Amino acid sequence: MEDLSGALVKLQEYLNYVILGIPLYRLALALLVFFSFLFLRKLFIFIILRYVRKLTRKTETKVDDIVFRVFSRPASFIIVILGVALSLKVLGIENSAVFRVLKTLGIFVVFWALYNLVVAFEEYFYRFAERFGREFAREVGGFFIKVAKAFVLVVGGVAVLQEWGINVSALLASLGLGGLAFALAAKDTAANLFGGLTVLADKSMRVGDWVKIGSVEGIVEDIGLRTTKIRSFEKSYITVPNQFISNQPLENFSRREVRRIKMTLGLTYGTTKEQMVKILNDIREMLRNHPGIAKDQLLMVYFTDFGESSLDLFIYCFTNTARWSEYLAIREDVNLRIMEIVEKNGSSFAFPSRSVYVEKLPKPEENA
């Protein structure tokens with residue numbers, strides 16, 4: 001009995017041994033609590049999550065599968081944070097800064113899950129945006145997604161600041177001149193935001209359109225909250241503020257259904273009247289019957305001017321396609337047929353030239 005009591009005394013001495021101001025038994029108990037929560041996390045993952053996953057797979061809707069996938073990892077991380085918090089309680093650590101850090105981590109996990117939820121439901125945002133028109137579902141849906149992400153980030157940031165005792169509204173009010181500068185800076189941001197809303201509401205352009213805004217021309221790659229991204233034909237990446245777009249004329253080349261052919265041809269002055277009339281009629285007939293020329297658009301072929309070195313023909317018509325490659329193929333075929341018509345009628349194309357007439361040559365003796 002004496003040996004047993006002596007062992008208990010020694011054990012008590014060991015357990016009461018102080019390391020960094022903390023008794024050894026508290027350290028052991030804190031470790032036990034922490035590892036118990038790690039075990040609980042494993043149990044949560046392998047039993048509860050598997051059971052919930054089986055239930056979600058049996059349902060017809062995909063919403064519960066998305067929610068499960070989004071919240072499974074944050075939930076397991078929350079268990080670890082709770083384990084750390086209780087372990088610190090057992091150790092007797094009552095430092096408010098430490099627990100604020102843990103609460104901040106908890107807030108971060110919650111808003112991390114909400115942010116991932118927005119990402120996971122992107123498809124549903126696009127489906128909702130189809131109510132505004134299928135043609136602009138991508139642009140409107142992308143706009144809603146960016147607004148939702150920004151909202152989650154802003155609210156999460158405010159929640160973290162509030163946790164650390166920072167009153168955001170009072171902070172902005174106390175900035176004085178800094179708050180005024182912030183408001184002035186935010187003015188442009190708000191103008192760009194409403195400019196983006198105006199672009200989407202007017203449906204003036206969409207991703208993939210070929211547009212010209214002021215001196216900027218290219219293909220629209222993204223319509224954002226603040227800016228619109230355009231890829232120029234030189235492959236440079238241009239970022240245009242939405243405020244600029246809403247205040248500038250916007251030319252959308254992709255919205256046209258036809259493309260114009262406009263040219264002036266010069267025939268030689270040796271072309272007779274009969275040849276000219278025949279050439280004009282043949283070109284008109286060719287264009288009217290050409291499969292690539294729009295029949296419901298304006299078509300003009302006229303002898304317009306006596307040029308310095310040519311008889312000028314004006315040709316004006318439209319192709320029945322707006323696609324650039326098809327337009328070039330049609331225009332090439334039209335040019336070749338015009339060449340054939342001119343050659344067939346015995347005329348030729350003029351080129352810039354100038355004739356010099358010498359009224360009187362000097363006598364040989366005058367040159368001596």
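None of the figures in this text is laboratory data; all of them are computed from the coordinates on show. This structure is a prediction, so every number in the text was calculated from the model and none was measured. All Cβ positions, even for glycine, are placed from backbone atoms using ideal geometry, and neighbour counts span all protein chains on display.
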query: When you take every Cα atom in the range 217-260, what is the radius of gyration, and what is Dmax, the widest Cα pair distance, in Å?
result: 11.5, 35
Separation in nanometres of the label points that stand 7 Å from Cα toward Cβ, at Ser36 and Asn252: 6.5
field: Inter-site label distance for Val358 and Arg73 at 7 Å from Cα along Cβ, in nm
entry: 9.1
- request: Please work out whether the range 249-349 counts as rounded, prolate or oblate from its C-alpha gyration tensor, where a ≥ b ≥ c are the square roots of the eigenvalues and a/c under 1.5 means rounded, while otherwise a/b larger than b/c means prolate and anything else oblate?
  value: prolate
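Using the structure shown, select from Lys103/Lys149; Lys212/Lys262; Lys212/Lys278; Lys146/Lys235; Lys212/Lys344; Lys103/Lys146 the pairs with a Cα to Cα distance greater than 30 angstrom.
Numbers: Lys103/Lys149 22 Å; Lys212/Lys262 21 Å; Lys212/Lys278 41 Å; Lys146/Lys235 26 Å; Lys212/Lys344 42 Å; Lys103/Lys146 27 Å.
Over 30 Å Cα-Cα: Lys212/Lys278; Lys212/Lys344.
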query: What residue among Ile338, Gln297, Gly266 has its Cα farthest toward the positive end of the dipole of the range 259-344, where the charges are +1 on Lys, Arg and -1 on Asp, Glu, each on the Cβ?
result: Gln297
field: Lys, Arg +1 and Asp, Glu -1 on Cβ, resulting dipole of the range 259-344 about Cα centre, debye, nearest 20
entry: 320
task: With a ≥ b ≥ c taken as the square roots of the eigenvalues of the C-alpha gyration tensor of the range 241-304, please select rounded if a/c is under 1.5 and otherwise prolate if a/b is larger than b/c or oblate if it is not?
output: prolate
